[in-house]
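Novice: Okay, handing you the structure first.
The values are calculated or read from the model by the stated rules, or taken from the named source; none is laboratory data. Since the model is a prediction, treat every value here as computed from it, not as a measurement. Note that each Cβ is placed from the backbone with ideal geometry, even for glycine, and that neighbours are counted across all protein chains shown.
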């Protein structure tokens, strides 16, 4: 579409791995690097892969209404109909994608299952049978972010899912390992650019 000139002067989405290529080869296109899909006037674009389903559901909703779109989503066994501006990936997933090592994959899964537990460097280092100093050095080298930032990213991802999929207002921060709601709010604003309340307003499934 870009090569044919269809996207000139338009905003467009593409897969995160192709953002740099599309931006450099087609400067007349305003690339939305983190969008799942974009609707700009008569042109619709998506990030590819399963995001095409999200775009199709958005088209159905525009033409036939939200109720029909939700019924189609249910028929397709799509668990959550995501909004177009929702982030394609998290900081942790990006770090994992750029890493060729699976050394810490199991540890990250364990962290996700124990968000309310003790996730200090000493605890994590013990899980992988390393000294805290060596663990912090190797993890940062492998994932290109510190263990503390990785724990925060996993907590934010868990909180995002809860905000999208539930109506819970009270226990999300505590359940996801934040010390309180204000700490979660600060993390959301710093990493995602919006507070939890605004995130839910835009991306909740209902």
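Novice: Across the stretch 161-194, which residue is surrounded by the most Cβ atoms within 10 Å (Cβ to Cβ) among those that are in contact with a helix residue (DSSP H, G or I) (Cβ under 7 Å, 6 or more places away or on another chain) and under 20 Å from residue 34 (Cα atoms)?
Specialist: 163
Novice: Please work out if residue 161 is free of Cβ contacts under 8 Å to residues at least 12 places away in the same chain, in a helix (DSSP H, G or I), within 18 Å of the chain's Cα centre (by Cα) and under 24 Å from residue 113 (Cβ atoms).
Specialist: yes
Novice: Any residue at all in the stretch 111-128 that is out of contact with any helix residue (DSSP H, G or I) (no Cβ under 6 Å at 6 or more places or on another chain) and closer than 30 Å to residue 61 by Cα?
Specialist: No, that holds for no residue.
Novice: Do you know which of the residues in the stretch 114-150 that are outside any helix (DSSP H, G or I) and under 22 Å from the mean Cα position of the chain (by Cα) is farthest from residue 173 (Cα to Cα)?
Specialist: The qualifying residue farthest from residue 173 (Cα to Cα) is 144.
Novice: Mind listing just one residue for me: the one in the stretch 36-52 that is in contact with a helix residue (DSSP H, G or I) (Cβ under 9 Å, 6 or more places away or on another chain) and at pLDDT below 90 and, of those, farthest from residue 192 (Cα to Cα)?
Specialist: Checking each candidate, the answer is 48.
Novice: Kindly establish whether residue 200 is touching a helix residue (DSSP H, G or I) at 6+ places or on another chain (Cβ under 6 Å), assigned to a helix (DSSP H, G or I) and under 30 Å from residue 70 (Cα atoms).
Specialist: Spelling it out, residue 200 is indeed touching a helix residue (DSSP H, G or I) at 6+ places or on another chain (Cβ under 6 Å), assigned to a helix (DSSP H, G or I) and under 30 Å from residue 70 (Cα atoms).
Novice: Next up: Can you pull out the residues in the stretch 168-182 that are at pLDDT 85 or above and more than 23 Å from residue 136 (Cα to Cα)?
Specialist: Scanning the stretch 168-182 gives 171, 172, 173, 174, 175, 180, 181, 182.
Novice: Quick one: is residue 148 crowded, with 18+ Cβ neighbours inside 10 Å and at pLDDT 90 or above?
Specialist: The answer is no for residue 148.
Novice: Can you spot a residue in the stretch 97-109 that is at pLDDT below 80 and surrounded by 15 or more Cβ atoms within 10 Å (Cβ to Cβ)?
Specialist: For the stretch 97-109, residues at pLDDT below 80 and surrounded by 15 or more Cβ atoms within 10 Å (Cβ to Cβ): present.
Novice: Looking at residue 154 and the list (1) at pLDDT below 90; (2) not in a loop (DSSP other than H, G, I, E, B), which single condition is not satisfied?
Specialist: For residue 154, the exception is condition (1).
Novice: Tell me, yes or no, whether the stretch 58-74 has at least one residue that is surrounded by 14 or more Cβ atoms within 10 Å (Cβ to Cβ), modelled with pLDDT of 90 or more and over 23 Å from the mean Cα position of the chain (by Cα).
Specialist: So far as the stretch 58-74 goes, yes, one or more of its residues are surrounded by 14 or more Cβ atoms within 10 Å (Cβ to Cβ), modelled with pLDDT of 90 or more and over 23 Å from the mean Cα position of the chain (by Cα).
Novice: Report, by residue number, each residue of the stretch 29-69 that is within 16 Å of residue 19 (Cβ to Cβ) and assigned to a loop (DSSP other than H, G, I, E, B).
Specialist: Once the filter is applied, which keeps residues that are within 16 Å of residue 19 (Cβ to Cβ) and assigned to a loop (DSSP other than H, G, I, E, B), the stretch 29-69 yields 29, 32, 33, 34, 35, 36, 47, 48, 49.
Novice: Which condition number in (1) in contact (Cβ under 8 Å) with a residue 60 or more places away in the chain; (2) more than 20 Å from the chain's Cα centre (by Cα) is the one that residue 192 fails?
Specialist: In the conditions (1) in contact (Cβ under 8 Å) with a residue 60 or more places away in the chain; (2) more than 20 Å from the chain's Cα centre (by Cα), residue 192 misses (2) alone.
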